[in-house]
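See structure below.
Nothing in this text is a laboratory measurement; each read-out follows from the coordinates by a stated rule. A quick note: this is a predicted structure, and the numbers were derived from the prediction, not measured. FYI the Cβ positions are ideal-geometry reconstructions off the backbone, even for glycines, and counts take in every protein chain you see.
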Amino acid sequence: MVNRPRRLRATPALRGMVRETRMSADSLIYPIFVREGKGIREEIPSMEGQYRYSVDTLPYVLEETAKAGVPSVMLFGIPGEKDECGSGAYAEDGIIQKALRTAKKEMPELTYITDVCMCEYTSHGHCGVLDGQEVDNDRTLPLLARTALSHVRAGADMVAPSDMMDGRVAAIRETLDQNGFSGIPIMSYAVKYASAFYGPFREAAGSAPAFGDRKSYQMDFHNRKEALKEALSDIVEGADIIMVKPALSYLDIIREVANLSNLPVAAYSVSGEYAMIKAGAKLGVIDEEKLIAETVVSIFRAGSNILLSYFAKEIAAMIREGRIG
Ligand code: PBG
């Protein structure tokens, strides 16, 4: 026998030497929910260990995040009031705009990325304005561009459109450029599937659609080639980073997109992925930390360069302490 793969698995030192996937906390992004109100830090029932913060308590979690060694956050807003056209998304004193102004002042060393979408702000919970029962793509574009611009004016370092309207990357790029923000990158949720894995998030953000579903704008999870079509069109429109979402059931797609493009690829390990691990651990049927490690490594091994995860702080600690690659 000439080939004995076990030779290189014999000791921790050898396994460390030949390890193929190595991670860094620099590529982690921690999602945070901000809501109206004062003195609030409320646990999200569907996402144990994750909280909604009011603007005044937000600095605590920002400090915790920075201390954990996670350099970037993604902010999601939960407005006090919603309306038909989601005006809270682009309001001067909207929740994200206020959160950014405070965050940039209190914790300027973090990188602030904002989720650009309408669903948390519309009374009907869809990701754009309605024409009857349909989401009107082209009438939504200027509102998304306006939202992105208002985030950047309030201090966002990067914007991340998650609405899945056609042409929104181009619309946002054009508006940012015209207003002197040509240096602000766009991380596009380019390949976003219509997924039951978003369930806990929708409870967290109160953004479940009031009728129907998101299948007329988010992607059908039976499709692979369509992911390449979406990624390519966002690249042409000027996206700087391409995201695949969810992560765990879509490792094949992450690999395809990584092979296709010379842009950095991000993966969003979404709320349902987090909740499943938490629930399994609570039941005592899986080991939480080992499962976090294995799933995170699989996402990077599949080709992702960046990871959005509700476990970001834990992952950073695990990397620092040498408990994962
Ligand atoms: C907004 C948005 C969603 C998520 C990120 N941005 C929800 C959705 O599309 O319904 C999901 C994130 C998660 O589940 O963790 N459109």
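Relative to 2.2 N^0.38 Å, what does the C-alpha radius of gyration of the range 101-155 come to as a ratio? Two decimals please.
The range 101-155 yields a ratio of 1.39.
In straight Cα distance, which lysines are under 25 Å from K215, not counting same-chain residues fewer than 8 positions off?
The qualifying lysines are K82, K192, K225, K229, K245.
Decide, for the range 1-81, between rounded, prolate and oblate: order the square roots of the alpha carbon gyration tensor eigenvalues as a ≥ b ≥ c, take rounded if a/c falls under 1.5, and otherwise choose prolate if a/b is larger than b/c, else oblate.
Prolate, since a/c reaches 1.5 and a/b exceeds b/c.
Starting from one equal scatterer on each C-alpha and no solvent at all, send me the Debye-based log10 I(q)/I(0) for the chain at q = 0.09 Å⁻¹, two decimals.
-0.45
Going by average Cβ density within 10 Å per residue, which order do the peptides 160-170, 203-213 take, highest to lowest?
160-170, 203-213
Based only on the alpha carbon positions, what is the Kirkwood hydrodynamic radius of the range 27-136, in angstrom?
Every distinct Cα pair counted, the radius reaches 14.6 Å.
Order of D138, D240, D220, D115 from fewest to most other C-beta atoms within 10 Å?
Sorted ascending by nearby Cβ count, the order is D220, D138, D240, D115.
Give me the one-decimal nm value for the distance between modelled label points at K67 and D213, 7 Å along each residue's Cα-to-Cβ direction.
Each label point lies 7 Å from its Cα, and together they span 4.3 nm.
Sort 263-273, 98-108 by the packing proxy (mean of other Cβ within 10 Å over each peptide's residues), most packed first.
263-273, 98-108
Could you check the spin-label model distance between S182 and V2? Points 7 Å from the Cα along Cα→Cβ, value in nm.
Placing both labels 7 Å beyond Cα along the Cβ direction yields 5.8 nm.
Taking neighbour Cβ counts within 10 Å as the exposure measure, how do Y51, Y121 sort from fewest upward?
Values: Y51 17, Y121 28.
Going from least to most buried by this count: Y51, Y121.
Check each of the GluC sites (Glu not before Pro) in the range 1-89 and keep only those in coil by DSSP with at most 11 other C-beta atoms within 10 angstrom; list them in order.
Answer in residue order: E20, E81, E84.
Could you please rank I40, I95, I235, placing first whichever residue has the fewest other Cβ atoms within 10 Å of its Cβ?
Details: I40 16, I95 25, I235 19.
Neighbour counts put them in this order, fewest first: I40, I235, I95.
Students often check this: by mean Cβ neighbours within 10 Å, which of 184-190, 4-10 ranks highest, and how do the rest follow?
Descending mean neighbour count gives 184-190, 4-10.
Relative contact order for the chain: what is it in percent, counting Cα pairs under 8 Å that are at least 6 residues apart?
Across the chain, relative contact order equals 18 percent.
I need two numbers for the range 217-303: Rg to one decimal and Dmax as a whole number, Cα atoms only, in Å.
Considering the range 217-303 through its Cα atoms, Rg and Dmax are 14.6, 47 Å.
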